[in-house]
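Here is the structure we will look at.
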Amino acid sequence: MGRRALASLLLAAGCCRAGGVQSAPPATAVETMAGQPLRALAFGPTAFGKTASQSFQVVSQSTVDAHVSVVISGPDAELFTASPAAPTTIPAGGARPFTVTFAPVLPGVIPDGDVQDSATITVTSDDPNHPTTLVLLTGRAAAQRLDLCWAPDAGAQDCASQAAVTVQFGTAPYGGLTPPQEVDIVNRSDVPLTVMGLALDGAALDAGFMMKEHVTTPFPLSAAAGESEVLHLLLDPRGSGPLAGSFLVTSDDPRLAGKPMSLALAGAGGQPGQPIACLGIDQITYADGRRVAVDPTQSLSAQPGVVPPGPLDTARFTPLTKPGCSYDPQDGTNLHYQYALALPAGSKAALVADLPHPPDQTLAFDVAGLYTVTMSFTDSAGLSARAQVTVDARPHDDISFELTWTSPVAVDLDLHFVRVESAGGDPRTLVGNPQEDCDYCNCLKAADYSNGSPCSSPAFTYPTFVDWGAPDDAGVRDRDDPILAAQYDEDPEGNAPLRTQPIDIANLSYPEQGADYDLLVHYFGNPGGSGGDCNVNSDCDADGGWLVCQAAGSSSSCLPAATARLRTFVEGEEVDAGGPVVSTLAEPCALWWAGTLHWSASAEPLPDGGRSPPRFTFTPHTDADGGWLTSAGSLGPSGCVIGP
C-alpha cells in the first residue's frame, strides 16, 4: 500500500479528539535515501584515523507530526555517531535525513588485516504501531600498508615486507649507464595509500644512482590490495669501485610513523676511460688571399702539396680532426679546451677563437720562427689529455727581409728594399725613387695584391707597385718584382687599417743574377698615440729618450728613439748566423742603411735530383762602416717629408 493510500485510510478510519475533530495517529518508516526499507548499514574498508559516512531517512506517513530520536548501542558503539543526535520532529507527510559516521581509531597494536566493528542504531518514534526500529551497523577498519619490491627477473619479486632488499645494478663503465632496474611501490592494504615522497639519499646521488621517470608527489594508490607504481632506477657511475646508496619512499602507512621505507642500492663503477686529444691544422690562408684546405690528421711535412705557412699567413687549428679525437668516454665531446701558445722571439701573435667553428683557434703568424700550439683538457674523472702542433713559419720567397721595431709609444718605421743600379751610389738618393725603391705605398702590399686597389693617399703618386722588369712591362707585375707586406687589422668594410704589430716584410722571388739589393730603414714618425705633449723639441726630455716634438694637427707628441731589428732570409733560411742586425734610430727622419745583399746565382736542379744552393753574400752595415745615415727630410705634422 502506498504512502498516500495509507494516509487516506487512516484519515477515513479517524479517531475522535476534543471538539469533534477526527485525526490519525503518527506513523513512521525508516528507509534508505532511495526510499527502500532499511535494516542495516555496512561500511566498507576505512583507514584507521579516517572517517566514512552514510545517510538514511525517517519518513512521516500520517497527517500529524512525528517525533523521532536515534540511539547507537552495541560493542563498538563509540566508533559510530549519528546526526542529528537530539530528538527531532518530522512534519506530517515529510522526511528527515540522518547521517551515520564510522571513525575507526588506530589501536596501540596495529593489526595486519581488517578489523570488523559493529553496533546497532535504534530509531524511536511516537508511532504506536512501530515505536522502535533497529538498524544493524557494521564497519571494516584497516591500516595502510606500504611495500617496496625489486623485480630482478620477469615474474620475480623481492619485497621489503619479507626481508631487507638490495637492488643489484652490476658494473658499468665510468660515464656509462647500467640497465634499468624495476622497483615497485605497492599498496598491501584494503584502504587507499598516499605516497608522500620519493628520494635518493646523498650517498646514492654522489654515486650516480638516478630515477628514470619523473614522478610528482604526493600521489595515491587505491584501496585495491596490491596496486603498485612502477619505477626504474639507473646507475651512471661517478667513480670506480663499489658504489652504494638508498632509495627512500615516505607514505601515510601508520606502521612507519612518518619515516621512509627504503631499498638498498648496490653497484660498481669501472675504471674511467682515458680521454683522447688531437690537434691539427685544417686551413691555411696566405697573405696574398689564397685559402687552402689541409688534412688535419697529418703533419704539414707529410703533405707535399701544402706550402707551410710563413710570416703574415694565418692557420686554423682544430682539436676535432676526426671521429674519436678530442673525445672523453665520460664527457663525450662536451669538453672545456685550454690553449697555450709558445712564440718565437719578437712575436706578438695570439690565438683567437674561430667563432663560426668552435672550439677551433686561428693564429696569424707575424715574424719567422717556431710557433707551438698546445691544446689540453681535464675530464670529470681527473684524467688529462693534450695535443701539440709546432709550425716553423718560414718565408716562401727566394729573398725575404723582416723588419720589426720597439719604442715606448707607437711609431712608424718603413723598410726600403732598393735595387742598386750603380755600385757605390749613395742610398739616400734612392729613397723615394719608385722605379728602384720598394717601400710603403709604392710597392704592392699583400692587401693590394688580393684586391688590385692602389694606395690612394694623395701624398703618393706612385703606381700600384714597383715594376723592376723591362720598360714595356710597366704596370704589370713580373715574378722578379718585389712585394712589400705589412701586418694590418682591417674592419669588415675594409676601412681604417690599424697596425697591430710593428712589422714590414719585403719579399722577392727570382732575384736578378749579379744584382745588389740595399736595405734601408727610415723613421717616418708617429702615426698615432702620444709620447707626451710638447710645443718645441726642448719640451721633450732627452734624458728620458724623448727627443723630437712632432706636431699632429691641434696636438703634438714627443717622439722617442726606436730600436729596429732586421732579419734576412734566403729560401726560408736565416742567413745571418750571428742573429738579426739591430740598431737604434735616435729621431724621426733618421735613415739606417742596414745592409746589402749581392745575388750571384739562384738555386738550380742537379742531375741527381737535388738542387745546388743559391750563391749570394749579405753585408750588414753599422755605424762603424757608414751604415748610419741621416735623411735630408724634415718632420711635419703627418710624418717625415723626404726632400728632393
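The values are calculated or read from the model by the stated rules, or taken from the named source; none is laboratory data. Treat the numbers as computed from the prediction; the structure is a model and nothing was measured. Here the Cβ positions follow ideal geometry from the backbone for every residue, glycine too, while neighbour counts run over all protein chains shown.
Among the residues of region 236-278, what is the count of those that are outside any strand (DSSP E or B) and crowded, with 19+ Cβ neighbours inside 10 Å?
Residues meeting the conditions: 7.
Looking at region 283-301, I want the residues that are over 17 Å from residue 392 (Cβ atoms) and have a partner that is surrounded by fewer than 11 Cβ atoms within 10 Å (Cβ to Cβ) and among the charged types (D, E, K, R) with Cβ atoms under 9 Å, at least 6 apart or on another chain. Which pairs are those?
Every condition considered, the pairs that remain are 283/291; 285/291.
Determine which single condition residue 215 fails, assuming it passes every other condition in (1) hydrophobic (A, V, I, L, M, F, W, C); (2) modelled with pLDDT under 95; (3) more than 30 Å from residue 104 (Cβ to Cβ); (4) touching a Ser or Thr at 6+ places or on another chain (Cβ under 9 Å).
Of everything listed in (1) hydrophobic (A, V, I, L, M, F, W, C); (2) modelled with pLDDT under 95; (3) more than 30 Å from residue 104 (Cβ to Cβ); (4) touching a Ser or Thr at 6+ places or on another chain (Cβ under 9 Å), residue 215 misses just condition (4).
So if I check each of 138, 101, which one is at pLDDT 95 or above and closer than 16 Å to residue 38 by Cα?
Testing whether each residue is at pLDDT 95 or above and closer than 16 Å to residue 38 by Cα leaves just 138.
Let me confirm something: among 135, 183, which residue is over 25 Å from residue 85 (Cβ atoms), in a strand (DSSP E or B) and in contact (Cβ under 8 Å) with a residue 60 or more places away in the chain?
183
How many residues are modelled with pLDDT of 95 or more, small (Gly, Ala, Ser) and surrounded by fewer than 21 Cβ atoms within 10 Å (Cβ to Cβ) if we restrict to region 104-126?
Summing the residues that are modelled with pLDDT of 95 or more, small (Gly, Ala, Ser) and surrounded by fewer than 21 Cβ atoms within 10 Å (Cβ to Cβ) in region 104-126 gives 1.
Among residues belonging to region 1-57 that are at pLDDT 50 or above and of a type in the set (Ser, Thr, Tyr), point out the one that is farthest from residue 97 (Cα to Cα).
23
Taking region 579-598 on its own, how many of its residues are buried (at least 22 other Cβ atoms within 10 Å of the Cβ), touching a Lys or Arg at 6+ places or on another chain (Cβ under 9 Å) and outside any strand (DSSP E or B)?
Number satisfying all stated conditions: 0.
With the checklist (1) at pLDDT 95 or above; (2) farther than 28 Å from residue 187 by Cβ; (3) among the aliphatic types (A, V, I, L, M) in hand, flag the one item residue 277 doesn't pass.
Exception for residue 277: condition (1).
Show the residue pairs that are 6+ apart or on different chains and have beta-carbon atoms under 7 Å apart, the first residue being within region 244-270 and in the same structural domain as residue 229 (by TED's automatic domain parsing), the second being acidic (Asp, Glu).
245/201; 246/201; 248/201
Which one is modelled with the highest pLDDT among residues in region 350-370 that are assigned to a loop (DSSP other than H, G, I, E, B), over 14 Å from residue 390 (Cα atoms) and touching an Asp or Glu at 6+ places or on another chain (Cβ under 8 Å)?
My answer is 360.
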